[in-house]
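Novice: Pasting a structure below so you can have a look.
Every number here is computed from the coordinates shown, using simple stated rules; none is lab data. Given the structure is predicted, the values throughout are model-derived calculations rather than measurements. Cβ sites come from the backbone with ideal geometry, for glycine too, and all protein chains shown count toward neighbours.
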Amino acid sequence: MGRTRARDAENPTARLDHGGIASIVPSEFTSGFELVVDGTPQSHVDLDDPTHLHFEYIVRMGAVIDQLRPGPVTAVHLGAGALTIPRYIDTTRPGSRQQVIELEAPLASLVREHLPLPRAASIRIRIGDAREGVARLPAALIGACDLVVSDVYSGAQTPAHLTSVEFYREVSALLAPTGVLLVNVADGPGLAFARRQIATVAHVLPEVALLADTQVLKGRRFGNLVVAASASSLPTEWLPRMLAAGPHPAKIAQGAEVTAFAQGARIVTDADAVASPKPDASIFLR
């Protein structure tokens, strides 16, 4: 039914409170739909198969989530998009309890109307700034989350106040002792922003892994790097083989390789935080 509703509307759109236009469009290259904000693809959803993760970095996030302890999880998502990862968790781990914090009420309404969630899904959407929203979450979630996902974008950039050590301390307080933080970091040649983000996350959570396309990880082109971090050993035993096999071959960096990657990078604070680099528009035409 969801697919039919999305097709019946001619690219349904919404004007966002903080500027810009969000649209839901049929995917050009695969089944499902994409949420596009001001020309930037934000999310892909396949209503017929929520386990179909199209964007490469989302595939890598899904691979990490699959390594978590079996069964339902408690998760907090910063940034809703089209709720791709919450849908994936709801399908692969029935009974999971999930909270989503999304800044834009019109975007959340657009997604819920035209890409509806399963009726039985325990996914609560809270409207507001991600950092302020974390502080307002129920006290019972502190120290109880198996997973926290930070994937917040304003247009094509992560806002500065969601990149600092103070922010990561606030977010990490939600994690259970074996809980995992996943962060989507976008950067280009040189990876100066990504290196500072790795140094900042590692200052808060000692176990850090980095998942990315090899060319992105080498700083040769703009792309997404997934940061996985925890206070405990990360469940990554099978990830290298899985990532190398595809469908989007990638590399996982851990231990000394992560330390070398962030060597010399300054920790980001609220006082000097900046938004992530803005990609060239041509990247979305590939």
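Novice: What residues qualify as long-range amide H neighbours of residue 180, i.e. H under 5 Å apart, gap of 5 or more or another chain, H built at 1.01 Å from N?
Specialist: Residues meeting the criterion, in which the H sits 1.01 Å from N, are 147, 148.
Novice: Amide H to amide H under 5 Å from residue 47: which residues, 5+ apart in sequence or cross-chain, H placed 1.01 Å off N in plane?
Specialist: Residues meeting the criterion, in which the H sits 1.01 Å from N, are 33.
Novice: A further question follows. Say each of residue 231 and residue 257 gets a label point 7 Å from the Cα, pointing the same way as Cα to Cβ; how far apart are those two points in nm?
Specialist: Simple spin-label model gives 2.8 nm for this pair.
Novice: Give me the net charge of residue 212's neighbourhood, meaning all other residues with Cβ under 10 Å from the Cβ of residue 212; Lys, Arg count +1, Asp, Glu -1.
Specialist: Value of the local net charge: 0.
Novice: Ok, one more. Could you tell me the calculated FRET efficiency between residue 109 and residue 274, based on Cβ-Cβ distance and R0 = 41 angstrom, to the nearest 0.05?
Specialist: So, using R0 = 41 Å, E works out to roughly 0.85.
Novice: Taking 0.36 nm per residue of separation and subtracting the Cα-Cα distance, what length does fully extending residue 30 through residue 170 add?
Specialist: Extra length available between residue 30 and residue 170 comes to 46.6 nm.
Novice: Take each uninterrupted DSSP H stretch in the chain, measure its Cα extent along the helix axis, and return the ones at 18 Å or beyond whose mean Kyte-Doolittle hydropathy is at least 1.0.
Specialist: Correct list, ordered by number: empty.
Novice: Still on this model: Tell me the relative contact order for segment 55-269 as a rounded percent, counting alpha carbon contacts under 8 Å between residues six or more apart.
Specialist: It rounds to 20 percent for segment 55-269.
Novice: By how many nm would the segment from residue 266 to residue 218 grow when fully extended, if each residue of separation counts as 0.36 nm and the alpha-carbon distance is taken off?
Specialist: Using 0.36 nm per residue and subtracting the Cα-Cα distance, I get 15.3 nm.
Novice: Can you compute the helix-only [θ] at 222 nm over the chain? Use -39500 (n - 2.57) per DSSP H run of at least 4 residues, normalise by all residues, nearest 500 deg cm²/dmol.
Specialist: Value at 222 nm, helices only: -7500 deg cm²/dmol.
Novice: Counting Lys and Arg as +1 and Asp and Glu as -1, each charge on the Cβ, what is the dipole of the chain about the Cα centre in debye, to the nearest 20?
Specialist: Roughly 340 debye for the chain.
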